[in-house]
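To start, the structure under review is shown below, and the notes come after it.
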Amino acid sequence: MEGIIYKALSGFYYVDCGGEIVTCRARGKFRHEKVKPLVGDHVEIEDQGDGTGTVSTVLPRKNEFQRPAVANIDLLVIVCSGAIPVTDPFLIDRVTAVAERRGCECLICFNKWDLEQPQTLVETYHSAGFPVARVSAETGEGIRELSDFIAGKVCAFTGNSGVGKSSILNALEPGFALATGQVSERLGRGRHTTRHVELFRLKNGAMVADTPGFSSFEEEGGWAGCAPEELQYAFREFEPYLDRCRFVGCAHVKEKGCAVLEALEAGKIAKSRHDSYVRLYEEAREVPQWQRK
């Protein structure tokens with residue numbers, strides 16, 4: 001049988017096989033092969049016929065993340081706000097950079113649109129090639145459009161504290177955020193508590209990850225374990241200019257004859273996006289090569 005792991009807890013994998021839930025353990029071979037099944041994995045299982053089974057094969061992944069431990073995310077919804085608390089664009093850019101490296105699409109979702117409308121940031125991300133949503137969990141503005149956009153996709157929501165992730169989830173489906181909150185409260189988030197990740201299915205067919213750690217979304221070994229020279233490929237608006245620089249190996253920070261800097265000067269690349277690139281570049285330089293994944 002084939003299915004998707006929708007919950008992993010204390011060594012058990014709960015696999016949704018077309019509506020039938022099978023509680024599985026993983027085969028010992030995974031430990032020897034240093035492969036760990038993740039929530040979101042499409043797997044083959046051996047069904048024992050009594051509601052239990054064994055995960056025998058993890059099918060190829062489109063992407064995977066270390067913190068939180070999830071796989072095959074179709075869409076990362078980055079919730080931000082122009083009202084208090086105002087989201088630092090660097091937080092958005094850090095997450096989009098990791099997602100780009102993992103082959104995961106992003107939706108930039110501006111909540112509290114009824115209170116503040118950061119049009120400049122909207123234009124920044126729209127120009128960079130990201131889909132943008134404008135919503136208000138309070139008034140319901142844009143919620144239907146958001147629901148249509150995520151329908152049928154495996155999603156995860158991230159954003160700084162206070163921007164309204166739970167409010168948006170409740171607006172999408174009343175009771176959803178309450179349900180995930182009860183799970184979090186029951187399990188706890190203490191240092192010695194098993195990390196718990198679970199996918200919840202919405203009525204529109206979307207599966208949304210309840211993911212401890214997504215609000216501080218980053219990878220071990222520096223941001224995504226990326227070498228400084230690879231970071232340029234995580235900023236999609238740089239792509240048209242990468243082969244036009246005067247010197248091979250241009251860092252696009254302060255070099256003469258840099259086509260990216262020329263595009264920045266011409267207003268074709270947003271200054272906030274390039275500032276984030278430079279900060280991430282400096283962070284990546286500080287990570288020892290042995291520590292990169």
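So that you can scan it fast, the table gives a plain yes or no per residue for (1) within 19 Å of the chain's Cα centre (by Cα); (2) modelled with pLDDT of 95 or more; (3) farther than 27 Å from Ala8 by Cβ; (4) assigned to a helix (DSSP H, G or I):
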{"site": "Leu115", "(1), (2), (3), (4)": "no, yes, yes, no"}
{"site": "Ala137", "(1), (2), (3), (4)": "no, no, yes, no"}
{"site": "Arg144", "(1), (2), (3), (4)": "no, yes, yes, yes"}
{"site": "Phe157", "(1), (2), (3), (4)": "yes, no, no, no"}
{"site": "Gly162", "(1), (2), (3), (4)": "yes, no, yes, no"}
{"site": "Ile168", "(1), (2), (3), (4)": "yes, no, no, yes"}
{"site": "Ala177", "(1), (2), (3), (4)": "yes, no, no, yes"}
{"site": "Glu218", "(1), (2), (3), (4)": "yes, no, no, no"}
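Candidates are the residues of the range 77-99 that are touching a helix residue (DSSP H, G or I) at 6+ places or on another chain (Cβ under 9 Å) and charged (D, E, K, R); the one that is most open to solvent (accessible area, probe 1.4 Å) is Arg94. Would a scan of the range 54-62 turn up a residue that is touching a His at 6+ places or on another chain (Cβ under 6 Å) and within 20 Å of Lys153 (Cα to Cα)? Yes.
What are the residues in the range 7-17 that are modelled with pLDDT under 95 and either surrounded by 19 or more Cβ atoms within 10 Å (Cβ to Cβ) or over 25 Å from the mean Cα position of the chain (by Cα) (or both), if any? Once the filter is applied, which keeps residues that are modelled with pLDDT under 95 and either surrounded by 19 or more Cβ atoms within 10 Å (Cβ to Cβ) or over 25 Å from the mean Cα position of the chain (by Cα) (or both), the range 7-17 yields Lys7, Ala8. Looking across the range 100-111, the residues that are open to solvent by 40 Å² or more (accessible area, probe 1.4 Å) and either touching a Leu at 6+ places or on another chain (Cβ under 6 Å) or not in a helix (DSSP H, G or I) (or both) come down to Arg102, Gly103, Glu105.
Filter the range 69-98 down to the residues that are in contact with a strand residue (DSSP E or B) (Cβ under 9 Å, 6 or more places away or on another chain) and in a helix (DSSP H, G or I), then identify the one that is farthest from Val197 (Cα to Cα). Applying the filter and picking the extreme gives Pro89.
Determine if the range 40-50 includes at least one residue that is under 16 Å from His196 (Cα atoms) and either outside any strand (DSSP E or B) or of a type in the set (A, V, I, L, M) (or both). So far as the range 40-50 goes, yes, one or more of its residues are under 16 Å from His196 (Cα atoms) and either outside any strand (DSSP E or B) or of a type in the set (A, V, I, L, M) (or both).
Could you say whether any residue in the range 195-204 is of a type in the set (Lys, Arg) and at pLDDT below 60? Checking the range 195-204: at least one residue is of a type in the set (Lys, Arg) and at pLDDT below 60.
When the range 52-68 is filtered for residues that are open to solvent by less than 40 Å² (accessible area, probe 1.4 Å) and out of contact with any strand residue (DSSP E or B) (no Cβ under 6 Å at 6 or more places or on another chain), the ones remaining, listed by number, are Asn63, Phe65. Would you pick out the residues in the range 239-269 that are under 25 Å from Leu121 (Cα atoms) and either under 22 Å from the mean Cα position of the chain (by Cα) or open to solvent by 100 Å² or more (accessible area, probe 1.4 Å) (or both)? If the condition is that a residue be under 25 Å from Leu121 (Cα atoms) and either under 22 Å from the mean Cα position of the chain (by Cα) or open to solvent by 100 Å² or more (accessible area, probe 1.4 Å) (or both), then Glu239, Lys254, Glu262, Glu265, Lys268 are the ones that fit. Look through the range 261-293, keep the residues that are more than 20 Å from Leu242 (Cα to Cα) and in a helix (DSSP H, G or I), and return whichever of them is modelled with the lowest pLDDT. Applying the filter and picking the extreme gives Trp290. If you check Ser136, Ser161, Ser166 for being over 18 Å from Lys203 (Cα atoms), open to solvent by 10 Å² or more (accessible area, probe 1.4 Å) and among the hydroxyl-bearing types (Ser, Thr, Tyr), only one passes: Ser161.
The values are calculated or read from the model by the stated rules, or taken from the named source; none is laboratory data. Quantities reported herein were computed from a predicted structural model and do not represent experimental measurements. With ideal geometry, Cβ positions are generated from the backbone for all residues, glycine too; neighbour counts draw on all protein chains shown. Calculation scope for accessible area: heavy atoms of the full protein, side chains included, ligands and nucleic acids excluded. Shrake-Rupley method; radii C 1.70, N 1.55, O 1.52, S 1.80 Å.
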